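These notes concern the structure reproduced below.
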Amino acid sequence: MEYLLQLLIEKIENSENQWKPGANGWKSLSNKAGNLYDDRKHLKSDVVKAAKDLEKTGLVKIEWVQGYREQDIQAIRYRQEDIPALYKLYRERVDSDFCARAELVRKYQEEIRAELQGLRTPWIRAYYEKLLQESESGRAKKATLEKAWKLFRKRRACWRGIDELEDPMYKRLFSKKYLKDTKIFENEFQDFIVSTAKIYAKELLDDAMNDSEILSVLLIEDYAQELALKGPLHLKWEDGTEIHNEDWRYGNILNSDTLRYAQIAGQQPEIQRVITIENKANYMMMPWEEHTLYIFTHGFFSPKECRFLQSLNQVLEHTEVEFYHSGDLDYGGIKIFLYIQKNIFPELQPLMMDVQTYEKYRNYAEKIEDTTLEKLKKLQIENPVLRQLAEKLAREKKGIEQESFLL
């Protein structure tokens, strides 16, 4: 009997709807292909005897193969209204610790809802709401649901930590504070957190961001944030003391605390141009110009860097300053331009990001991957110069890294 009970319960628990409270009507465990019999473990005669014993409980009804009554089973039928009684019998005869799927779902959902009560971050809440939805679906096997619950519990502290962050925190410190080990976030959680953010935090991210840039948006830092600047810019501390960036003729680097506590001075020297540059070598090779402020982007700016540069844009808003960006002539370079234009400098114009520059350095062009090429073709670009470049890259199916301009 235990063997057949095991099969019945497995069928019920892994079905789409039978395990749900309130199910009614007849269902059956089929034996059309003789799958209930096993010559080595479960002989036909033993299974037939076990089925008869199970039928005596009043919880199932045997459907015999026509012409072979009492000898060969066609199916074992059961009423869904009797499933709770089958569970009770299973606990008595097979597994006293058995937890029905409906009860498992209830407990899992209680834990998810408990977390939702304290969560502030919209996209993490959206992810948890999806977990609730998936837990109610009957399509997944019970074992899959049990694994999901186990992973939920394992990742819960990590999500709590990300939800609590208000200021950037180094990855290793975050891992130690919330996961009790300095390396466990990077080794076991990072890939999942990044992939989940790509789905549920799309409005905060850009699809050209790498993993470190995505984590930076989530306020988890790989390393200390540093913003490299070269040219005229006045900063001030809360006590009114000013810092003149142009005093460092060959450039200056602002660390995380400076980005946090320094303010853009209301009165600036004569800044005629602000040029953001994607790659370090090109930034370093830019010559000193008295009225030009160069900024190294290192890819996508972090949230803290964005806030700092937004303050600069507000101070310069009513002055005759030109804003430019120079970067790779490829999908990523164009996306960085669009990101800066959208989030920091609305009047941004491309610098050496045009068809003429592509033609000049076309010998250094490299093939663009097909998936990236499709994304490039779908870009909505208002700037005519940049749009013509994107169209050129799409036709040529090639891009050029900015460092090539130095060769």
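The values are calculated or read from the model by the stated rules, or taken from the named source; none is laboratory data. Everything quoted here is computed from the prediction, not taken from an experiment. All Cβ positions, glycine included, derive from the backbone under ideal geometry; neighbour counts span all protein chains shown.
Could you check how many residues of segment 100-136 are in contact with a Leu (Cβ under 9 Å, 6 or more places away or on another chain) and within 17 Å of I12 (Cα to Cα)?
Residues meeting the conditions: 4.
Filter segment 224-243 down to the residues that are surrounded by fewer than 17 Cβ atoms within 10 Å (Cβ to Cβ) and in contact (Cβ under 8 Å) with a residue 24 or more places away in the chain and list them by number.
Those that are surrounded by fewer than 17 Cβ atoms within 10 Å (Cβ to Cβ) and in contact (Cβ under 8 Å) with a residue 24 or more places away in the chain: A224, E226, K236, W237, E238.
Would you please list the contacts, defined by Cβ atoms under 7 Å and residues six or more apart or on different chains, that run from a residue in segment 365-391 that is closer than 14 Å to K335 by Cβ to a residue that is among the aromatic types (F, W, Y)?
From segment 365-391, the pairs are I368/Y331; T372/Y331; K375/Y331; L376/Y331; L386/F337; L389/Y358.
Looking only at segment 368-407, count how many residues are among the charged types (D, E, K, R), part of a loop (DSSP other than H, G, I, E, B) and under 27 Å from the mean Cα position of the chain (by Cα).
The first filter runs over segment 368-407 and keeps only residues among the charged types (D, E, K, R), leaving 369-370, 374-375, 377-378, 382, 387, 391-392, 395-398, 401, 403.
With the extra rule that they be part of a loop (DSSP other than H, G, I, E, B), the set shrinks to 369, 382, 397, 401.
Subsequent filtering for residues that are under 27 Å from the mean Cα position of the chain (by Cα) retains 369.
Final tally of qualifying residues: 1.
Scan segment 300-316 for residues that are under 16 Å from E213 (Cα atoms) and surrounded by fewer than 18 Cβ atoms within 10 Å (Cβ to Cβ) and report the count.
Here the count works out to 3.
Counting only residues that are within 30 Å of W149 (Cα to Cα) and touching a helix residue (DSSP H, G or I) at 6+ places or on another chain (Cβ under 6 Å), give me the strands (runs of 3 or more DSSP E) lying completely in segment 1-110 with at least 1 of them.
26-30
Looking at T292, T319, T276, can you tell me which residue is in contact (Cβ under 8 Å) with a residue 12 or more places away in the chain and buried (at least 22 other Cβ atoms within 10 Å of the Cβ)? Give the derivation first.
Values: T292 fails: buried (at least 22 other Cβ atoms within 10 Å of the Cβ); T319 fails: buried (at least 22 other Cβ atoms within 10 Å of the Cβ).
When all the criteria are applied, what remains is T276.
When you check L376 against the structure, is it buried (at least 17 other Cβ atoms within 10 Å of the Cβ) and in contact with a strand residue (DSSP E or B) (Cβ under 7 Å, 6 or more places away or on another chain), yes or no?
no
Listed residues L54, L59; which is touching a residue at least 40 places away in the same chain (Cβ under 8 Å), buried (at least 17 other Cβ atoms within 10 Å of the Cβ) and of a type outside the set (D, E)? Give the steps one after another, and end with the answer.
Working: L59 fails: touching a residue at least 40 places away in the same chain (Cβ under 8 Å).
From the options L54, L59, the qualifying one is L54.
Can we say L131 is touching a helix residue (DSSP H, G or I) at 6+ places or on another chain (Cβ under 7 Å), more than 26 Å from L215 (Cα to Cα), surrounded by 14 or more Cβ atoms within 10 Å (Cβ to Cβ) and not assigned by TED's automatic domain parsing to the domain that holds L89? Walk me through it before giving the result.
Working: touching a helix residue (DSSP H, G or I) at 6+ places or on another chain (Cβ under 7 Å): yes; more than 26 Å from L215 (Cα to Cα): no; surrounded by 14 or more Cβ atoms within 10 Å (Cβ to Cβ): yes; not assigned by TED's automatic domain parsing to the domain that holds L89: yes.
No: the conditions fail for L131.
Could you please tell me which pairs satisfy a Cβ distance under 6 Å, a separation of 6+ or placement on different chains, a first residue in segment 203-223 that is at pLDDT below 95, and a second residue that is acidic (D, E)?
Qualifying pairs under 6 Å: S212/D222.
Outside the structural domain of E164 (by TED's automatic domain parsing), among the aliphatic types (A, V, I, L, M) and either farther than 30 Å from A50 by Cβ or surrounded by 13 or more Cβ atoms within 10 Å (Cβ to Cβ) (or both): is that true of I76 in this structure?
So I76 fits the description; yes.
If the Cβ limit is 6 Å and pairs must be 6+ apart or interchain, which residue in segment 251-270 that is assigned by TED's automatic domain parsing to the domain that holds H298 pairs with which residue that is assigned to a loop (DSSP other than H, G, I, E, B) and at pLDDT 90 or above?
Hits for this filter: P269/P232; E270/H291.
Counting just the residues of segment 1-44 that are over 45 Å from the mean Cα position of the chain (by Cα) and closer than 22 Å to R91 by Cα, which one comes out surrounded by the most Cβ atoms within 10 Å (Cβ to Cβ)?
M1
Would you pick out the residues in segment 336-354 that are under 15 Å from P384 (Cα atoms) and surrounded by 15 or more Cβ atoms within 10 Å (Cβ to Cβ)?
Correct list: F337, L338, Q341, L348, Q349, P350, L351, M352, M353, D354.
For I124, state whether it is buried (at least 17 other Cβ atoms within 10 Å of the Cβ), part of a helix (DSSP H, G or I) and not assigned by TED's automatic domain parsing to the domain that holds H42.
Details: buried (at least 17 other Cβ atoms within 10 Å of the Cβ): yes; part of a helix (DSSP H, G or I): yes; not assigned by TED's automatic domain parsing to the domain that holds H42: yes.
Taking the combined requirement at face value, the residue satisfies it.
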